[in-house]
1. Return the pairs, sorted by first residue and then second, in which the second residue is surrounded by fewer than 20 Cβ atoms within 10 Å (Cβ to Cβ) and among the basic types (Lys, Arg), the first residue lies in the range B:47-76 and is over 15 Å from residue B:105 (Cβ atoms), the beta carbons are less than 8 Å apart, and the residues are 6+ apart or on different chains.
2. Listed residues B:240, B:305; which is on the phi < 0 side of the Ramachandran plot and either among the acidic types (Asp, Glu) or buried (at least 24 other Cβ atoms within 10 Å of the Cβ) (or both)?
3. Listed residues B:139, B:123, B:147; which is closer than 29 Å to residue B:285 by Cα, within 14 Å of another protein chain (Cβ to nearest Cβ) and among the polar types (S, T, N, Q)?
4. Is at least one residue of the range A:117-126 in contact with a strand residue (DSSP E or B) (Cβ under 6 Å, 6 or more places away or on another chain), crowded, with 24+ Cβ neighbours inside 10 Å and not β-branched (Val, Ile, Thr)?
5. Search the range B:141-164 for residues being touching a residue at least 40 places away in the same chain (Cβ under 8 Å), surrounded by fewer than 23 Cβ atoms within 10 Å (Cβ to Cβ) and in contact with a Gly (Cβ under 8 Å, 6 or more places away or on another chain), and hand back the single one that is nearest to residue B:8 (Cα to Cα).
6. How do the pairs read when you match residues in the range A:21-45 that are over 15 Å from residue A:123 (Cβ atoms) with residues anywhere that are hydrophobic (A, V, I, L, M, F, W, C) and part of a helix (DSSP H, G or I), using Cβ under 6 Å and keeping only pairs 6 or more apart or on different chains?
7. Does any residue of the range B:254-270 turn out to be more than 20 Å from residue B:180 (Cβ to Cβ), assigned to a loop (DSSP other than H, G, I, E, B), more than 11 Å from chain A (Cβ to nearest Cβ) and not acidic (Asp, Glu)?
8. Does the range A:122-138 hold any residues that are part of a helix (DSSP H, G or I), without any contact (Cβ under 8 Å) to a residue 60 or more places away in the chain and at the interface with chain B (Cβ under 8 Å from one of its Cβ atoms), and which are they?
Amino acid sequence: MLPTPAIRALTRALGSKALKDRRRRFVFRDAGHGYDQFGLQPDFVALADLVTSPVYRRYFRVESYGAHHLPGSGPAIVAANHSGTLPFDAAMLWADIYRQTDPPRAPRAMADYFVPSLPFIGTLFARTGMVGGSRGNARALLQAGELLMLFPEGTPGIGKPFKDRYRLQEWREGHCELAIRHGAPVIPAGIVGPEEQMPQLLRLPGLGPVPYLPIPATPFPLPVRYRILYGPPLDFSARYLPEQADDPDIVRRASNEVKHAVQELLHEGLRLRTGVFR
Amino acid sequence: MNSVLVTGVATPIGLSLVDHLLRDTRVGHVVAASHLSRVEALGARQHPRLSYVKVDLTRTRKVHDLLFGAARDRGVEVIAHLAQHRRVRYGGRLAHKLNVESLRSILDLSDRHPTIRRVIVKSYAEIYRVSLHLPVLVSEDHPLDLSPGAPQWVRDRVEADLTACARMGLSDAEIVVLRCAEALAPETGSQLYDLLDGPIAFRPLGYDPMVNVATIEDLVAAMTRAIHGSGEGVFNIPGYDTLPLSEAIARWGTAQLPAPGSLISPLYNMRHRVLGTDFSYGMNRRRMHYGLVLDGTRARKRLGYVPQHPVAWPRAPTSS
């Protein structure tokens, strides 16, 4: 992996003025050596900004709606649908949040367990803010006032067959328990586009920590247009006390509310588009 | 005014604690104990408030005589128990007796001791289980490494820690367990120090976990706060420095070579044979992939401990 000074030089040489401005305004909780406790490093965040930029702007031509709902500070959870065989939706959501918040916030993506175990990829993603999807990590990040980005459908969402596109899979509830316990608002997000980027033909059994191997119809994602829609924050702290996070009925109700909000955003995004690629 | 018994003073941390306590006007007398002779353990240190006892803590009778002899005579109120076998590659019955049974005896005896009211146990961050499925930032309720394949060094420390925890609230003496980050100094039992203290450090290719390291000054500060505090509990004692493993190696000035996981164990075995270093890759394999950083929130709130002493790294940061 490239050393940090090389990363910095690369982003300075190739980055646009806007990218450099985002890097300058980006703030993080430095644990003392230029990294936060989970391994985030601002130059790698800028690198991720640089790498995702052409994909975001020119390939998927992301359109963002309702980004004013993203809080500029304090703990919050962005809960989105997950799809597309490969997690380009996570990369584009990350890039969108980083670009749309002021000052820029690098959302802390909660990845499935196997992701941090992948050599190079796990480390690179950790430098841009990704953490393993454990309850303890989420708790620590919310207590530190971070913005979590998670996909309650998990791996089944990204690996669902083409016929199930835009139909949310089993919706995990843990994020709502965390939201209620820590008084963090949940911002629902619907991502329209990735469902059609790599239609999946077949799923083979996984190797090692990878849960499955997808066989897509195309070797690379199609240049579909992404539309990312954020809904108004669902502030459960106004309705529930932190100790009510232990009540399964309340957590289920809150989770259904988030799921319903995301599904509505998906419907709205589908209404907005005039074609998969437009 | 507290009088304090410090076991394991023949270690850099033990010696520093003794020096610190002697400067602390709140401390009456310091009874220092180790298995070495006074000169070997304390050097030329002489102080009217310092006395020394050579004692073999692996023998229950000797522990009894220490507590009901010198400690009682000096009115010791607090024990800071630091004595632990340091080398990973050497274990056996005697090491277990020192690591676990000596603590068990101290806790037993403290319960009926006329003056002892508080026992501070130095535990280790290495007792925590490191796993892909567990948080990187580790609080005190994090699972411990109870795997049967763990080396005796870890198993003994887990057992000692749990032995102390099991007595909390049941003993007349208050028990405080400090799970300390490793101090980057020789003869402290730090595996990371052993990793860095060689001409070359191998690390798993493609992985660069976060590590947290402490200084002796910070660990002594935490112990002093525990000695003067009240109440019981288990506390993580993190160090000031949290950084990626690669950065720690670079800042220590050691050459590093990322290598495929399957090659690293033989490379470290060879390094051990050639250089005699104590680092065990088998024990640290998971930590070198996924990392572990102690969450010191509880120690900050209850003990008022905040790490303040960064490691004096020989090299400038590579990220600057």
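The values are calculated or read from the model by the stated rules, or taken from the named source; none is laboratory data. Remember, it's a predicted structure, so these values are computed and weren't measured experimentally. Every residue, glycine as well, gets a Cβ built from its backbone with ideal geometry; the counts of neighbours run over all protein chains shown.
1. Between residues of the range B:47-76 that are over 15 Å from residue B:105 (Cβ atoms) and residues that are surrounded by fewer than 20 Cβ atoms within 10 Å (Cβ to Cβ) and among the basic types (Lys, Arg), the close pairs are B:51/B:74; B:52/B:38; B:54/B:38.
2. B:305
3. That would be B:139, the only listed residue that is closer than 29 Å to residue B:285 by Cα, within 14 Å of another protein chain (Cβ to nearest Cβ) and among the polar types (S, T, N, Q).
4. no
5. So, considering only residues that are touching a residue at least 40 places away in the same chain (Cβ under 8 Å), surrounded by fewer than 23 Cβ atoms within 10 Å (Cβ to Cβ) and in contact with a Gly (Cβ under 8 Å, 6 or more places away or on another chain), the one nearest to residue B:8 (Cα to Cα) is B:152.
6. A:23/A:46
7. Within the range B:254-270, one or more residues are more than 20 Å from residue B:180 (Cβ to Cβ), assigned to a loop (DSSP other than H, G, I, E, B), more than 11 Å from chain A (Cβ to nearest Cβ) and not acidic (Asp, Glu).
8. Across the range A:122-138, the qualifying residues are A:122, A:135, A:136.
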